[in-house]
Every structure is written in C-alpha cells, then in structure tokens.
1. All but one of (1) in contact with a helix residue (DSSP H, G or I) (Cβ under 8 Å, 6 or more places away or on another chain); (2) of a type in the set (S, T, N, Q); (3) surrounded by fewer than 17 Cβ atoms within 10 Å (Cβ to Cβ) hold for Ser89; state the number of the condition that does not hold.
2. For segment 34-83, how many residues are in contact with a His (Cβ under 7 Å, 6 or more places away or on another chain) and among the β-branched types (Val, Ile, Thr)?
3. When you scan segment 1-102 for strands (runs of 3 or more DSSP E) that lie fully inside it, which ones turn up with 3 or more residues that are closer than 15 Å to Trp113 by Cβ and at pLDDT 95 or above?
4. Any idea which residue in segment 109-130 is farthest from Thr9 (Cα to Cα), counting only those that are in contact (Cβ under 8 Å) with a residue 12 or more places away in the chain and of a type in the set (Gly, Ala, Ser)?
5. Of all residues in segment 106-131, which are farther than 21 Å from Asp31 by Cα and in a loop (DSSP other than H, G, I, E, B)?
6. Hey, does segment 64-76 have a residue that's within 16 Å of the chain's Cα centre (by Cα), more than 16 Å from Lys99 (Cα to Cα), exposed (fewer than 15 other Cβ atoms within 10 Å of the Cβ) and free of Cβ contacts under 8 Å to residues at least 60 places away in the same chain?
7. List every residue pair whose Cβ atoms lie under 8 Å apart, where the two residues are 6 or more positions apart in sequence or sit on different chains, the first residue falls within segment 32-48 and is farther than 12 Å from Ile93 by Cβ, and the second residue, located anywhere, is surrounded by 15 or more Cβ atoms within 10 Å (Cβ to Cβ) and of a type in the set (D, E, K, R).
8. Kindly indicate whether Met60 is touching a residue at least 12 places away in the same chain (Cβ under 8 Å) and surrounded by 13 or more Cβ atoms within 10 Å (Cβ to Cβ).
Amino acid sequence: MLPHRRGVTIEWGDCDAAGIVFYPRYFAMFDWSTASLLAHALGMKKAQIIAHYGIAGIPMVDTRGKFHVPSTFGDEVVIESRVERFGRSSFDIYHRLLKPDDAGGEVLGAECWETRVWVGRHPDDPARMKAVPIPAEVIAKFGLG
C-alpha cells in the first residue's frame, strides 16, 4: 500500500458558525486527497490521468466518515490517504485526518472511507458512463498488484 500525506490548513470558509469544520468540507478535503494520492502514485495530475487512460473519471459511489476531534480555523492538519483494495473496476480508499497534539505527536481527528469506480464512456451511449477494468499498471503502482 502506497500511503500519501498532504498538509492542509483549515481556512475560515471551512468552518461553520460554531467555529469548527463544517462536515461537508471534510469530504471535499478527502476528495482532493484522493486526487493527490493518484497523482503521487501515477506521476500525473487528475486531468492527465483521465486523458492518458481514456476514462471519464473516478466517481465516488459510497462514502462514510467518522469525526473524532474537531478542527478549527487556522489548524494545520495532515491527511494521510491510501488505497485499501482494488477490484476489477472499483477501489477503496481510506483517509485519516491527523492533528498535532501537545506532546509533539498526532491525534486522529477524522476518518473517511470511499469506494470509487474507474469509468469510461458507455459504447452505446457516450452520454452515459460504464465501469471499466482498472489497468494492471495502475494497481502495480500502489504495490497491490
């Protein structure tokens, strides 16, 4: 499993009236972390991945989150992401949002689980999408092949 870590600064617009991150903003952060993980592993940005492999995208078909410790405006957090499983055309990603603690370590602030599908255009109707097999070379880049 190839993990990827990226630093995130919690911005004013991420927070609700209580001053903590509004939960949908976490999902936006995790979505960007998925794109960052793929870019790190494949050596290309998301638009390049889509063009290179001739796919329509990698839509999310299932997600859930668990929130342990709130994040607030100005917090510097780290999101660690990794692919947990590859199927024929789907893959599961696990994200951990880590916050610094007073002892110099990290505390788990939030977790997210995603299932995404590698999709191309449907051959009979290009306006529709269809699951297509994930290339073996992609899976190999994550050390799971």
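1. (1) is the only condition that Ser89 fails.
2. 1
3. Output list reads 60-67, 76-86, 90-100.
4. Of everything passing the filter in segment 109-130, Gly120 is farthest from Thr9 (Cα to Cα).
5. Across segment 106-131, the qualifying residues are His122, Pro123, Asp124, Asp125, Pro126, Ala127, Arg128.
6. Checking segment 64-76: at least one residue is within 16 Å of the chain's Cα centre (by Cα), more than 16 Å from Lys99 (Cα to Cα), exposed (fewer than 15 other Cβ atoms within 10 Å of the Cβ) and free of Cβ contacts under 8 Å to residues at least 60 places away in the same chain.
7. Correct list of pairs: Ala39/Lys46; Leu42/Lys141.
8. Spelling it out, Met60 is indeed touching a residue at least 12 places away in the same chain (Cβ under 8 Å) and surrounded by 13 or more Cβ atoms within 10 Å (Cβ to Cβ).
The values are calculated or read from the model by the stated rules, or taken from the named source; none is laboratory data. Only a predicted model underlies this, so the values are computations on that prediction, with no experimental measurement involved. Ideal geometry is used to build each Cβ from the backbone, glycine not excepted, and the neighbour counts take in all protein chains shown.
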